[in-house]
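Values quoted throughout were computed directly from the atomic coordinates according to the rules given, and no laboratory measurement underlies them. This structure is a prediction, so every number in the text was calculated from the model and none was measured. Quick reminder, even Gly has a Cβ in these numbers, built from the backbone with ideal geometry, and neighbours come from all protein chains shown.
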Amino acid sequence: MSAAAGGSVRDLGRFDGFDRGKLLRFGGFMAGTFVDGRKVGVEVALRAALRRELPAAVALRRELHAVPCVSGEEGPTLRRVLAALPGGVVEHVAGTGAVLRVGGPGPAVGVRGELDALPIEERTGVPWAGVNGAMHACGHDVHLAAVVALARAVADVTAGDVPVATPSDPLAGPGAAGAGVVEAVEADGTVEAAEGVAGLVPLLAVLQPREESFPSGALDVVASGVLGRHDVRAMIGAHVQPVLPEGTIACAPGPVNAASDEFRVTVKGGEGHAAYPHLTRDPVLAMAQVIVAAQQLVSRVADPMAPTVVTFGTVNAGSAPNAVPGEAVARGTLRTMSQEWRGRLHRRFKQVAEDTARAYGCNAVVEILPGEPVLINDRPLAARTGERLRELGWAVNDELRSCGADDFARYGDVAASLMMFVGVDTESGLHSPAFLPGDAAVGAVAEALLAGYLAASSSTAAIRPCRHRAPGG
């Protein structure tokens, strides 16, 4: 057989930093891809196809970054991403979102990419910066490009269009050496390019709107029933994370992101002249005490083993410096890593605000807008994915958790789910006007998604079928 797919014959022994035995062991998890230690399977084929897609994916990332669309207005972004994806069955969901299926019938693995940008003025200074008052300051441009690269790789391998990759590719991640797709290992150590690998589990690219706003795009995707119609057994996501060093992927089991709910507290008092405070009921003073008292929910009410954060993000009252206003309004968030404590936190917060305001002669009205639940990674899926990433040379962090929130948590209601966090080379934090991961982040996120897809694919029959839930479930 010749390397007709476009790659040259290579010697596995010349791929520095790659264990040939690991390649052979990992190559054959699907029937018909591993014979007498001589046939390399679908994982290596997919990695090679993925590497071929990365230059185009990087170009797509820059194109998407230059024209960001905020939540609810993602139509142009959706159309561009659909145009970049391979042909497949497209179903529009959640208003400005869509799913595209790659592969035939049967249980599928879903991979999410978020469509929306943030209403932030970009200050990165790159030629492809957004200039329309919006910005991809949370890496969604990177995530979308990685999803496209993976979907195209799956389509390529299914069709048999798989070349041998070049180990010196500058976009290569830690495990890139030895990523050339091969079929037969000859006696002299040379290998030949594969003509295709059958039996791939179908992939469902989930292009989700409104991750950055409420109502949740993921909630609408789940409520639509589309995951059930495509028999999605697992959902995979990956998010860039600047607190991790480049070359590290966090793949922790169990809770990894907090539940997050917004609140609005309105303290009503009695207005009057600042010179006569005894004739007023000062809602500003009462609100100040509410803010302080609410912090004791963290230090004296919450279980220390259940991380909890109470944040007052805005406080507004009055319009004149010499007058006591009639009311004060504060908004913020309640976060916790414990789904069991979440409801009680709401009740205790309401009680503290009302009782504290009353002690200062005022009344408090508390409104809580439920947000996202705790994001919980499926433990077996996280373990299998972490093993694959380690075998491919990535540093795997099993501990990273944060009180950030992501509506990806909604997918855990209906399927086994896994959210990974990918280290990137930027000093600026998420949602910063200067946040800009390098081009290598596209390949890193794509490899993380591939590892999750493969881990889920190896056990789709054992994972429970998708369970449809109503909105808010």
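Label region 259-372 by shape, choosing from rounded, prolate and oblate, from the square roots a ≥ b ≥ c of the eigenvalues of the Cα gyration tensor; if a/c is under 1.5 it is rounded, and otherwise prolate applies when a/b is larger than b/c, oblate when it is not. Walk me through the numbers on the way to the answer.
Numbers: a/c = 2.84, a/b = 2.28, b/c = 1.25.
Here region 259-372 falls in the prolate category.
What is the sum of charges around GLY438, taking Lys and Arg as +1, Asp and Glu as -1, for the other residues whose C-beta is under 9 Å from the C-beta of GLY438?
My count for the surroundings of GLY438 gives -3.
Mind giving me the nanometre distance, one decimal, between the label points for ARG344 and ALA323, set 7 Å out from Cα along Cα→Cβ?
Result for the modelled spin labels: 4.5 nm.
Please state the relative contact order of region 259-372 as a whole percent: Cα pairs under 8 Å, 6+ residues apart?
Relative contact order for region 259-372 comes out at 45 percent.
Based on the mean of other Cβ atoms within 10 Å per residue, sort peptides 121-131, 54-64 so the most packed one is first.
Packing order, densest peptide first, comes out as 54-64, 121-131.
Going by C-beta contacts inside 10 Å, put HIS230, HIS136 in order with the fewest on the left.
Values: HIS230 22, HIS136 29.
In increasing order of surrounding Cβ atoms, one gets HIS230, HIS136.
Between GLU246 and residues 5 or more places away or on another chain, which pairs have amide H atoms under 5 Å apart, with H built 1.01 Å from N, and which residues are they?
Amide H neighbours of GLU246: VAL424.
So how much slack lies between GLU367 and ALA383, counting 0.36 nm per residue of separation and subtracting their Cα-Cα distance, in nm?
So the chain would gain 1.8 nm between GLU367 and ALA383.
What's the extension gain from VAL131 to HIS92 if we count 0.36 nm per residue and subtract their Cα-Cα distance? Display every interim value, and only then the final one.
Numbers: separation 39, 0.36 × 39 = 14.04 nm, distance 2.82 nm.
Full extension of this stretch gives 11.2 nm more.
Please list 3J(HN,Hα) in residue order for region 376-385, calculated via the Karplus relation 6.51 cos²θ - 1.76 cosθ + 1.60 where θ = phi - 60°; whole Hz, with x for glycine and proline.
Going residue by residue, I get 10, 7, 4, 5, x, 5, 5, 5, 5, 5 Hz, with x marking Gly and Pro.
Arrange GLU212, GLU427 by Cβ neighbour counts within 10 Å, fewest through most, would you?
Result, fewest neighbours first: GLU427, GLU212.
Can you put ASP116, ASP261, ASP231 in order of Cβ neighbours within 10 angstrom, beginning with the fewest? Display every interim value, and only then the final one.
Working: ASP116 25, ASP261 21, ASP231 16.
The order, fewest Cβ neighbours first, is ASP231, ASP261, ASP116.
By how many nm would the segment from GLU63 to SER213 grow when fully extended, if each residue of separation counts as 0.36 nm and the alpha-carbon distance is taken off?
That pair, GLU63 and SER213, stretches by 51.7 nm at full extension.
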